[in-house]
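In what follows, a single structure is set out as structure tokens and then discussed.
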Amino acid sequence: MAFYTVMTPPPEGDRREEIEQACLIPESFATVAFLLTGLWLLGKRLWLATLLFVLFWGVLIWLNSRFGLHASALSLIYWAVALFLGIEGNNLVIRKLTRQGWRVSDVVEARTLAEAERRYFERALAGESMPRVEAAPATVAARPSGPLPIIGLFPEARGR
């Protein structure tokens with residue numbers, strides 16, 4: 001069974017419209033992102049990640065022309081970046097939606113996307129989905145005013 005993160009748009013009034021516009025994102029390996037890295041970034045409209053991807057490859061091409069990197073090194077770097085996007089690609093999409101004001105409203109477990117949508121809509125329309133929570137401002141933890149304790153084999157720092 002796969003897990004799907006349900007993202008809902010910013011609240012604009014009607015709860016039913018929010019539910020209908022929900023976006024389900026699978027919590028799994030993004031095979032298309034692994035195989036078509038740059039095109040996948042463009043297709044998902046991840047502009048900053050696309051810019052970083054292009055700049056990264058621009059620097060690598062410049063390093064290759066300047067120092068002559070081996071072809072297997074370039075291939076290894078490409079597949080490492082592709083593996084990273086395959087693993088973290090869906091999380092990049094979730095972060096993009098979060099920056100745009102979308103909220104995580106539910107997490108659904110299902111075999112397929114269609115089944116996940118059905119389960120989410122049944123729960124959300126029945127009123128069982130997670131309650132609406134407004135984001136609270138993050139608080140910064142106060143630092144201790146005195147010296148920090150030393151943890152380890154030498155608990156007291158005496159000059160020797």
For ASP106, what residues show an amide H to amide H distance below 5 Å, using hydrogens built from the backbone and excluding near sequence neighbours? VAL6
Could you compute the FRET efficiency for THR98 and MET1, with r as their C-beta to C-beta distance and R0 at 30 Å, rounded to 0.05? 0.75
Work out from phi, with θ = phi - 60° and the Karplus expression 6.51 cos²θ - 1.76 cosθ + 1.60, the ³J(HN,Hα) of each residue of region 9-24, listed in order in whole Hz, and give x for Gly and Pro. x, x, x, 10, x, 6, 5, 5, 5, 4, 5, 5, 8, 4, 10, 9
Take LEU83 and SER145, extend 7 Å from each Cα along the Cα→Cβ direction, and tell me the distance between the two endpoints in nm. 5.1 nm
Given H placed on each backbone N at 1.01 Å, which residues far from LEU69 in sequence or on other chains put an amide H within less than 5 Å of it? ASN64
List residues of region 77-91, by number, whose backbone nitrogen lies under 15 Å from a label position 7 Å along Cα→C-beta of THR31. 86-87
If I take every Cα pair under 8 Å that is 6 or more residues apart in region 1-104, average their sequence separation and divide by the length, what percent do I get for the relative contact order? 41 percent
Whole-Hz ³J(HN,Hα) from phi, Karplus 6.51 cos²θ - 1.76 cosθ + 1.60, for region 65-79, glycine and proline x: 6, 7, 10, x, 5, 6, 4, 5, 5, 5, 5, 4, 5, 4, 5
Between VAL54 and LEU69, what is 0.36 nm times their sequence separation minus the Cα-Cα distance? Round to one decimal in nm. 3.6 nm
Rough spin-label spacing in nm, given labels placed 7 Å along Cα→Cβ, for ASN91 and ILE61: 2.9 nm
Counting only residues 5 or more places away or on other chains, whose amide H sits under 5 Å from the amide H of GLU27 once H atoms are built in the peptide plane? PHE3, TYR4, THR5
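Each reported figure results from applying straightforward, stated rules to the coordinates on display, with no laboratory input. Small disclaimer: the values here were computed from a predicted structure and weren't measured. Positions of Cβ are backbone-derived with ideal geometry, glycine not excepted, and every protein chain shown enters the neighbour counts.
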